[in-house]
Amino acid sequence: MAWRRCGSAGCTGRPIWSTRSTASAGRSTAHNAKWLAWLTEEIGKLGLAVTPSVANFVLIHFPHTGATAAQADKFLSTRGLILRQVGAYGLPHALRMSVGTEEANRLVVAALAEFMGRPATASHG
């Protein structure tokens, strides 16, 4: 199955994804699995709960008082690290973080460690 690129002028007929890109999909799946596990472990070391996930993101739960999700979001944003607030989904004490590149993942964990007042003890991924 291939998805087609369509717009106001109609479909171009060129696939934007096809089953021939299974090697790329396999690399993406392996990258996601590796860093999802790493993020879950490292964020957990900071005293934050992470909802178990098989998707391409982690849901990070913050305390209801003290180091809140809103404060963390502001702290991370000032460092150019953008996580998604999920209050509209009934989760005002959580932030959603997409699995990113190794560099981005490590930057977020280091910034969260700083925010939580804990030393960064990130293991190698």
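A short reminder: the numbers here are calculations on the coordinates, not readings from a lab. Everything numeric here is computed off the predicted structure, so don't read it as measured data. Note that we place each Cβ from the backbone using ideal geometry, even for glycine, and neighbour counts take in every protein chain shown.
Worth pointing out:
- Tally, over the range 109-119, of residues that are small (Gly, Ala, Ser) and assigned to a loop (DSSP other than H, G, I, E, B): 1
- Checking each residue in the range 32-69 for being of a type in the set (Gly, Ala, Ser) and in a strand (DSSP E or B) picks out only Ala49.
- Which listed residue is assigned to a helix (DSSP H, G or I) and closer than 27 Å to Ser28 by Cβ, from Arg96, Arg79, Arg106: Arg106
- The lone criterion from (1) on the phi > 0 side of the Ramachandran plot; (2) within 17 Å of the chain's Cα centre (by Cα) left unmet by Gly90 is number (2).
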